[in-house]
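Engineer: Below you will find the structure I want to go over with you.
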Amino acid sequence: MAREKSIPTAVEQTLKTRWVEKRVAELVAQGLSAQAAEQQAGAEFRAKYSFTKEAKAGR
């Protein structure tokens, strides 16, 4: 049987996904390429939410 994610892990993953998607859209609207925006948004997420497992995982 596959192990299900814990609720806190699922919440952190959802937070990261939604936050990064929103930030990427903002950065693209400011003129960055999609790839550069994704990299920058990921770096900003890791800096801002460094206390989360998702940020520490660096995915």
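Engineer: So how tilted is helix 7-29 from the main axis of the chain? Cα-based, degrees 0 to 90, rounded to 10.
Structural biologist: 10 degrees
Engineer: For each of Glu12, Glu21, count neighbouring Cβ atoms within 10 Å of the residue's Cβ, then give the residues from fewest to most. Please list the in-between numbers first.
Structural biologist: Details: Glu12 18, Glu21 12.
With the fewest neighbours first, Glu12, Glu21 line up as Glu21, Glu12.
Engineer: Rounding to the nearest 10 and keeping the result within 0 to 90°, find how far the Cα-based axis of helix 34-48 lies from the longest principal axis of the chain.
Structural biologist: Roughly 60 degrees between the two axes.
Engineer: Cut-off 20 Å, label point 7 angstrom out along Cα-to-Cβ of Ala57: give me the residues of the stretch 12-46 whose amide nitrogen falls inside.
Structural biologist: Backbone N within reach: 12-24, 38-46.
Engineer: When the expected Rg is taken as 2.2 N^0.38 Å, what fraction or multiple of it is the alpha-carbon Rg of the chain?
Structural biologist: 1.25
FYI, it's all coordinate maths here, none of it is from the lab. Note that the structure is predicted; figures quoted are calculated from it, not measured. Counting neighbours? That spans all protein chains shown, and the Cβs are built from the backbone with ideal geometry, glycine included.
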